[in-house]
């Protein structure tokens, strides 16, 4: 299990690329599957950009929560991707195989919306000295895709208001569960997170 956690990003990447390859060779994806495959591709790129760009997002979160300038160890950084991989696979594999229910693409779409907003906010939150936070380029690509998806689904009447509400709720519940595990991995309590974020925002506002 430790090896699976340690290489979770690589395993997640192989599964995702396998799904894309399978779709390219053996099936003709409908619009729901095409949307999901686009998110699969962007999520993989995002995980690598976010985690491997110098001063990566996990290190910035660790510094925010612990107050340490050293960030997290390479081992914890790699193992923290385990829970993220599970969450992203749930958001993509389930709607891929249940593609007849087009509304199931909405949790992934709402995550793309959230990622785009979070990475802009992180510039101030992490006190970055340039208009970029690790993972921001792919996050904004996810946001752009989400705008297209919302427009396409709405204009073609694939989803209703209740579907949007369910999609957002599923994304949020899964995201909170994932974040809880990530915060626990670096040795902090999830319930302390809002207070730490508020303190950092006040601190950055004074600087």
Could you list, in sequence order, the residues of the stretch 141-172 that are more than 19 Å from the chain's Cα centre (by Cα), crowded, with 19+ Cβ neighbours inside 10 Å and either assigned to a helix (DSSP H, G or I) or without any contact (Cβ under 8 Å) to a residue 40 or more places away in the chain (or both)? 153
Counting residues that are within 20 Å of residue 159 (Cβ to Cβ) and modelled with pLDDT of 90 or more, which helices (runs of 4 or more DSSP H) fully inside the stretch 54-123 reach at least 3? 81-97
Under 6 Å by Cβ, and 6 or more places apart or on different chains, what pairs join a residue from the stretch 113-130 that is closer than 21 Å to residue 43 by Cβ with one that is at pLDDT below 80 and in a loop (DSSP other than H, G, I, E, B)? 119/133; 122/133
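The values are calculated or read from the model by the stated rules, or taken from the named source; none is laboratory data. Worth saying up front: this structure is predicted, and the values here are computed from it rather than measured. Positions of Cβ are generated from backbone atoms using ideal geometry, with glycine treated the same way; all protein chains shown enter the neighbour counts.
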